[in-house]
Amino acid sequence: MDLLMEYKCAALHSPVIFADGYGYGFQSFFDACAIDASLSDYSCGFSFDLSEASEVPGIYLLPNLGHPNADYVPRMLSWLGGEERTARVMDAFASAPSAWRPYYAGYMKGRPGAPARLGFFIPPDSQERYALRPELLTHDLDEYRTFPVTTEEREKLLFLASQGRIWDLQFDLYPDGSFSDALGVSLGLGFGTFDPRNTSDYLAGSMTETVMLELERWGTADVRWRQMFEACYAVKCVVRENGCRRLVADLVRPNTVKVRFRQGKPFVAKGYLFARSYTLEEHS
């Protein structure tokens, strides 16, 4: 299981104080995010991979998805003590195919080799091109990486691109400027129309079911993937906060499915849920 904990930068107040041990030594980074007014619509946070033993989470700073960019990356790396990586990270973003938009960078300090995570947003028009001509995706990958797409990787990527909408690509960049053999591919499976209050008929015969059954056949997912949808819900409740009663909506819905490749082979698929509480109105 992965867990991404996001904080809106505009909602942080300096000094940012975590309970003992829960800031993982990154309090100064969150302080910087709170102080920098240009990051008001950004999110920052921790990325936990609960399948690995590392106790140091990855750190992220995410622009608004409507305005993907890499302008903030030099500041972020300097706040995290990774200044020496800036030139290589920015070069890697700048050399990407025109169909990709630099979106986020992460600093995986606790992982072997301490790679930087590079994420690219694929705009809707490019998603459509990849869906109509999936071979364009593998061509762009071959142009970007110094090592070619393997035969198995090509076959699997062609399936994913033709079935869903590939909207996010992830790479790990080592300090020497080389890429690891890992690749992350996030899929849009029409979750925008998913109603968490009525999940029973959503999967039957859907594109989501087709893709997930194929991932299960590959051995990258197992029967538990259906629980991702069974766990979704939407409720309203009244809560008391600071002497006021507020009507709050709690929502859990599917967000995306990511397939990770290593050495040219798919080795795991991860389903991500989006959880949030909304204050709807105050009650007297």
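The values are calculated or read from the model by the stated rules, or taken from the named source; none is laboratory data. No experiment lies behind these values; they were computed from the predicted model shown. No Cβ is skipped: glycine too gets one built from the backbone with ideal geometry, and neighbour counts run over all protein chains shown.
Within region 38-80, which residues are closer than 21 Å to residue 12 by Cα, in contact with a Lys or Arg (Cβ under 7 Å, 6 or more places away or on another chain) and small (Gly, Ala, Ser)?
Answer for region 38-80, where residues must be closer than 21 Å to residue 12 by Cα, in contact with a Lys or Arg (Cβ under 7 Å, 6 or more places away or on another chain) and small (Gly, Ala, Ser): 43, 58.
Spot the failing condition for residue 130; the list is (1) crowded, with 18+ Cβ neighbours inside 10 Å; (2) in contact (Cβ under 8 Å) with a residue 60 or more places away in the chain, and only one is missed.
Residue 130 satisfies all of (1) crowded, with 18+ Cβ neighbours inside 10 Å; (2) in contact (Cβ under 8 Å) with a residue 60 or more places away in the chain except (2).
Against the definition (touching a Pro at 6+ places or on another chain (Cβ under 7 Å), of a type outside the set (S, T, N, Q) and crowded, with 19+ Cβ neighbours inside 10 Å), how does residue 171 come out, yes or no?
So residue 171 fails the test.
So, in region 27-63, exactly how many residues are crowded, with 19+ Cβ neighbours inside 10 Å and of a type in the set (Val, Ile, Thr)?
1
Inside region 64-79, can you point out the residues that are out of contact with any helix residue (DSSP H, G or I) (no Cβ under 6 Å at 6 or more places or on another chain), surrounded by 14 or more Cβ atoms within 10 Å (Cβ to Cβ) and not in a helix (DSSP H, G or I)?
Hits for region 64-79 are 68, 69, 72.
Among (1) under 18 Å from the mean Cα position of the chain (by Cα); (2) farther than 30 Å from residue 98 by Cβ; (3) at pLDDT 85 or above, which single condition is residue 52 missing?
(3)
Scan the helices (runs of 4 or more DSSP H) fully inside region 103-164 and keep the ones with 3 or more residues being over 18 Å from residue 186 (Cβ atoms).
Output list reads 135-144, 151-163.
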